Amino acid sequence: MEVIYQYAWLIPVLPLLGAMLVGLGLISLNQVTNSLRQPNAAFIISLMGIAMGLSFALLWSQIQGHAPYTRTLEWAAAGNFHLSMGYTIDHLTALMLVIVTTVAFLVMVYTDGYMAHDPGYVRFYAYLSLFGSSMLGLVVSTNLVQVYVFWELVGMCSYLLVGFWYDRKAAADASQKAFVTNRVGDFGLLLGILGLFWATGSFDFDVIGDRLAQLVQTGSLSNLLAILFAILVFLGPVAKSAQFPLQVWLPDAMEGPTPISALIHAATMVAAGVFLIARMYPVFEHVPAAMNVIAFTGAFTAFLGATIAITQNDIKKGLAYSTISQLGYMVMAMGVGAYSAGLFHLMTHAYFKAMLFLGSGSVIHGMEAVVGHNPDLAQDMRLMGGLRKYMPVTAITFLIGCLAISGIPPFAGFWSKDEILGATFNANPALWVVGWLTAGMTAFYMFRMYFTTFEGQFRGNQSRMWQKLKSPAGMAIVAGFDTAPAFGPGAMTKGELEATEEHHHDDHSHSHGHSEYPHESPWTMTLPLALLAIPSVLIGLLGTPFANYFEEFIFSPNETLEEVVEKAALFNPTEFYTMAGASVAISLIGITLASLMYLLGKINPVAIAAKVKPLYELSLNKWYFDDIYHRVFVIGLRRLARQVMEIDFRVVDGAVNLTGFFTLISGEGLKYLENGRAQFYALIIFGAVLSLVVVFGVT
């Protein structure tokens, strides 16, 4: 087994090698490389498969009790300062390696079917491989500097992949938005890293935690500074994991191809934030105020994401807000000290959310056969319906994902979410209430999504109805109500309907597909869905409260295995059934409401929205965060830039121009005095002497 640890560095290097070789081929032999589409894809998938095999071997070794392994080499040295780089393999690393490699491998297989006809097929695989390598490098990092290097590489890859279709303005804008928003958090993270190094003299996770605790206890470091440094570090995960107030980039990232949406939302970009909180837990646990900030930020983000998701009509954006909400659960768990529960939900969520996103991609792939390559139509749930009949594998796996994320036993999401809610209740009942209500909303919007997409009659081939379906009354029609108030769920933002109508008229000749009904996706897309369905159903059984194998493997750095086992022995069945019953009950209420509105047609959702118009519009407009940020930061900074430009033009340039003008005038005047005539110089001297005589004579 020791040999595996010595070659563990190959796990991030193999995908990097694939990306590098294919990338060099694209640069030097573009046409040849692009013509070898599937050989390039097979090469990159094979390298990720080897990395996945090594990751499973390391995980098995860690389960068998192998000690953590760290290998470093000196990277830089100056005086007493020494910086090492390398890799570390412990329980947390082994788990994350398996999550990242398995999801990345299945996404790559899926990509072959989804991107089969895309001219950027090979380039996309190169980006995917680089993205996976960056995340794997982050996971095995031994210190904060190395984490920050790979942290930025992950951000760069997300920029490349979100803006993969850069010729589309929406995709180009979304990639810039993601990049800029993450730079805000990354700047805070950098300041926090530098502050912790200034205070502790180290970049190593455990050393920083121990020294920071000692400095605060002895009074050598102000508690306020410790809180500031911890919160600055937390800003990095706030941006990467799309927590309030930096959550605005994640829904827009849906402009990228669906496979990358699945990878970002399941195992790479957003998981990086939660992983860093786990790695920095030795620091955060000694700063209670920072832990409270983390907990309340996560709880509010979970609630925020759920309230916005209930009015989304774009299937991918609905899942995006769902991801924001579920990440909020993980962050809240970390904040209340439920270390294992947060990471357990990270693992279960990675599999069922990857399956849900890939399922949405399968739906879009099938819809494009009917409505053409138009994201506004292919991703709109109001134009779907009845897809279970045409896409049975996609429908079944999507239903499994909905049950898992809704917390219905025995699916994976139930066990992880219930563990978070139980720990939150013991720590802060107010946060539990927020999480409990969010669980009900999660079940509602997920089954709203499932019913409008897979049940009822197919609406995508009714081209004459598209405008009406995409109008404010669209969701009422979906629910079986032909008449509806002027607005409601399904309403579009201002100007969207007109733009859709204009697009419909302008592109009528080429907006249709070649089929009247959608079809099931090829096996390269359905096989990953079927494989992901297995952990979505079963993997939660590793963390049942009566036999929590997951917590015995992954537990807080401030605990020992003996303490974890003793705590597990105190399991109270009555408390578990009470808490689990409450969470399942609220989820069943949400599912029931969704079925009454969107399956059985007993309740008109548009009529309800009319009665709570302010709340509905708040949700529809995403709590106005995008509008506020646009006015304050985009427009505000433009105005500030104009003022700075005015100062530069009038003050700075004015001072320079005045100097030049003064030089010009003085030069023009002096040229008449410096004429080279001796008589004129003598006259000037005589005049000067006469003036002195007069002045001194008068005095």
> What ranking do 261-273, 120-132 get when scored by the average of other Cβ atoms within 10 Å per residue, highest first?
Replying inline: 261-273, 120-132
>> Given the DSSP H assignment, sum -39500 (n - 2.57) over each helix run of at least 4 residues in the chain and divide by its residue total; what's the result at 222 nm in deg cm²/dmol, nearest 500?
In response: -23000 deg cm²/dmol
> Between Ser28 and Phe187, how many nm apart are label points set 7 Å from Cα along the C-beta direction?
Replying inline: 4.0 nm
>> Taking just the alpha carbons, could you work out the radius of gyration and Dmax for the stretch 164-242, both in angstroms?
In response: 17.0, 58
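Give the calculated FRET efficiency between Leu36 and Gln214 to the nearest 0.05, with a Förster radius of 56 Å applied to their Cβ-Cβ distance.
Working: r = 58 Å, r/R0 = 1.04.
Result of the calculation: an efficiency of 0.45.
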> How high is the FRET efficiency between Glu566 and Ser222 when r is their beta carbon distance and R₀ equals 45 Å, given to the nearest 0.05?
Replying inline: 0.80
> Among Ala439, Phe284, Leu54, whose Cα sits farthest toward the positive end of the charge dipole of the chain (+1 at Cβ of Lys/Arg, -1 at Cβ of Asp/Glu, about the Cα centre)?
Replying inline: Ala439
>> So, taking all protein chains as they sit and a 1.4 Å probe, how much accessible area belongs to Lys177, in Å² rounded to tens?
In response: 50 Å²
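Assuming 0.36 nm per residue, please report the length gained on full extension of the stretch Ser666 to Asp118 beyond their Cα-Cα distance. Working shown, then result.
Details: separation 548, 0.36 × 548 = 197.28 nm, distance 6.88 nm.
Contour length minus the Cα-Cα distance gives 190.4 nm.
Go through the stretch 630-695 and name the trypsin sites (Lys or Arg not before Pro) that are in a DSSP coil and have 16 or fewer other Cβ atoms within 10 Å of their Cβ.
Values: sites: Arg631, Arg638, Arg639, Arg642, Arg650, Lys671, Arg677; in loops: Arg677.
Those that pass, being in a loop and sparsely packed, are Arg677.
Assuming R0 = 30 Å, what is the FRET efficiency of Arg168 and Phe43, from their Cβ-Cβ distance, to the nearest 0.05?
On the way: r = 29 Å, r/R0 = 0.95.
Efficiency, from the Cβ-Cβ distance: 0.55.
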> How long is the gain from Val693 to Asn80 if the chain were fully straight, where each residue apart is worth 0.36 nm and the alpha carbon distance is subtracted?
Replying inline: 213.3 nm
> Roughly how many nanometres apart are two label points built 7 Å out from the Cα toward the Cβ at Trp523 and Gln679?
Replying inline: 11.3 nm
>> Using Cα-Cα distances under 8 Å and only pairs 6 or more residues apart, what relative contact order does the chain have, in percent?
In response: 12 percent
> Once label points are set 7 Å from the Cα along Cα→Cβ at both Lys611 and Thr578, what is their separation, rounded to one decimal in nm?
Replying inline: 3.3 nm
>> Quick check on the chain: what are the equivalent-ellipsoid semi-axes from the Cα gyration tensor, as sqrt(5λ), descending, whole Å?
In response: 52, 36, 28
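With a cut-off of at most 14 other beta carbons within 10 Å, and DSSP calling the residue loop, which GluC sites (Glu not before Pro) in the stretch 593-680 qualify? Please list them. Can you show the working numbers first?
Numbers: sites: Glu617, Glu646, Glu668, Glu674; in loops: Glu674.
Sites meeting the loop and neighbour criteria: Glu674.
For Ala530 and Phe649 in the same chain, what is the full-extension length gain: residue separation times 0.36 nm, less their Cα-Cα distance, in nm? Don't jump to the answer; show the numbers that get you there.
Details: separation 119, 0.36 × 119 = 42.84 nm, distance 6.37 nm.
Working it through step by step, the gained length comes to 36.5 nm.
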> To the nearest Å, what is the center-to-center distance of the stretch 268-330 and the stretch 160-176, using C-alpha atoms only?
Replying inline: 24 Å
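Using the per-residue mean of other Cβ atoms lying within 10 Å as a proxy for protection, in what order, highest first, do the peptides 59-67, 332-340, 520-528 fall? Each step should come with its number before you reach the end.
On the way: 59-67: 14.4, 332-340: 26.3, 520-528: 19.4.
Answer by packing, highest mean first, reads 332-340, 520-528, 59-67.
Out of the stretch 401-474, which chymotrypsin sites (Phe, Trp or Tyr not before Pro) are coil in DSSP terms and have no more than 11 other C-beta atoms within 10 Å? Don't jump to the answer; show the numbers that get you there.
On the way: sites: Phe411, Phe414, Trp415, Phe425, Trp432, Trp436, Phe444, Tyr445, Phe447, Tyr450, Phe451, Phe454, Phe458, Trp466; in loops: Phe411, Phe458.
Filter output for the stretch 401-474: empty list.
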> Of the beta bridges DSSP finds with both residues in the chain, what % are antiparallel, to the nearest 5?
Replying inline: 100 percent
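How large, in percent, is the carbon and sulfur part of the accessible surface of the chain at a probe radius of 1.4 Å?
67 percent
The values are calculated or read from the model by the stated rules, or taken from the named source; none is laboratory data. Remember, it's a predicted structure, so these values are computed and weren't measured experimentally. Ideal geometry is used to build each Cβ from the backbone, glycine not excepted, and the neighbour counts take in all protein chains shown. With ligands, DNA and RNA removed, areas are computed over all heavy atoms of the protein, side chains included. Shrake-Rupley method; radii C 1.70, N 1.55, O 1.52, S 1.80 Å.
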